[in-house]
């Protein structure tokens with residue numbers, strides 16, 4: 001297996017990795033010198049470290065586990081991410097690797113308009129995607145839309161089904177210009193925050209903090225193994 005030529009796309013991200021407290025933090029700057037190589041596994045399948053890409057199906061997937069979070073603002077963070085206490089899942093996926101995978105299936109950050117601040121009332125915009133989570137349940141494999149993970153205790157309903165949007169995260173507005181997805185470890189959120197790579201375009205759910213929980217009917221337990229898949233949807237003209 002050799003390095004896939006599309007690895008040069010990571011250059012367009014204009015990222016460079018530094019080290020802080022033993023974790024890789026990414027900032028805006030020179031070429032992506034530390035980006036993982038893209039390996040070809042088959043005619044349409046690629047691997048970027050722990051991220052799998054299927055260019056024919058326009059899918060990106062990564063393995064992860066269920067967290068112990070009691071309150072949700074995010075669907076997924078990287079393993080050890082700062083916001084894991086508010087995320088349903090922890091994925092074994094570096095935000096830079098995942099972002100490159102999303103670009104390789106055709107998602108374009110140039111079409112994105114992300115949130116300006118945490119809990120921005122204006123919904124973000126971007127290329128549409130759908131997100132699926134699957135896990136083994138006894139002898140069967142269960143698969144649900146990511147919206148089904150979020151249960152609101154006040155409305156007694158799960159999140160409305162529909163597309164999510166790729167925003168590509170953002171950089172801190174200072175001289176360091178750190179990549180927020182890496183800084184916070186956030187990958188997919190639903191409260192309109194600048195950091196996640198993918199966010200929800202739905203209006204914010206009114207109510208107090210703490211009302212959104214992991215859907216108890218799914219019977220997901222902390223530590224359970226899952227796989228999360230992002231699939232690109234056709235963009236409207």
For this session: Considering only the stretch 149-167, state which residues are surrounded by 12 or more Cβ atoms within 10 Å (Cβ to Cβ), under 21 Å from residue 57 (Cβ atoms) and either free of Cβ contacts under 8 Å to residues at least 12 places away in the same chain or touching a helix residue (DSSP H, G or I) at 6+ places or on another chain (Cβ under 7 Å) (or both).
Result: 166
Exercise. Identify, please: which residue in the stretch 168-178 is more than 17 Å from residue 108 (Cα to Cα) and in contact with a strand residue (DSSP E or B) (Cβ under 7 Å, 6 or more places away or on another chain) and is, among those, surrounded by the most Cβ atoms within 10 Å (Cβ to Cβ)?
Worked result: 178
Problem set entry | Residue that is surrounded by the fewest Cβ atoms within 10 Å (Cβ to Cβ), among those in the stretch 60-76 that are assigned to a strand (DSSP E or B) and under 13 Å from the mean Cα position of the chain (by Cα) | 63
Exercise. Condition test on residue 102, is it part of a loop (DSSP other than H, G, I, E, B) and either under 15 Å from the mean Cα position of the chain (by Cα) or within 23 Å of residue 39 (Cβ to Cβ) (or both)?
Worked result: no
Problem set entry | Matching residues, the stretch 105-133, being loosely packed, with under 15 Cβ neighbours inside 10 Å and assigned to a strand (DSSP E or B) | 113
Problem set entry | Test: residue 229 is in contact with a helix residue (DSSP H, G or I) (Cβ under 6 Å, 6 or more places away or on another chain) and under 28 Å from residue 140 (Cα atoms) | no
For this session: State which residue is nearest to the chain's Cα centre (by Cα) when the search covers only the stretch 134-148 and only residues that are touching a residue at least 40 places away in the same chain (Cβ under 8 Å) and not in a strand (DSSP E or B).
Result: 146
For this session: Kindly check whether there is at least one residue in the stretch 181-189 that is modelled with pLDDT of 95 or more and within 15 Å of residue 116 (Cβ to Cβ).
Result: yes
For this session: Scan the stretch 195-219 residue by residue and report those that are farther than 12 Å from residue 150 by Cβ and assigned to a strand (DSSP E or B).
Result: 198, 199
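The values are calculated or read from the model by the stated rules, or taken from the named source; none is laboratory data. Model, not experiment: these values are computed from the prediction. As a convention, Cβ positions derive from the backbone with ideal geometry for all residues, glycine included, and neighbour counts pool all protein chains shown.
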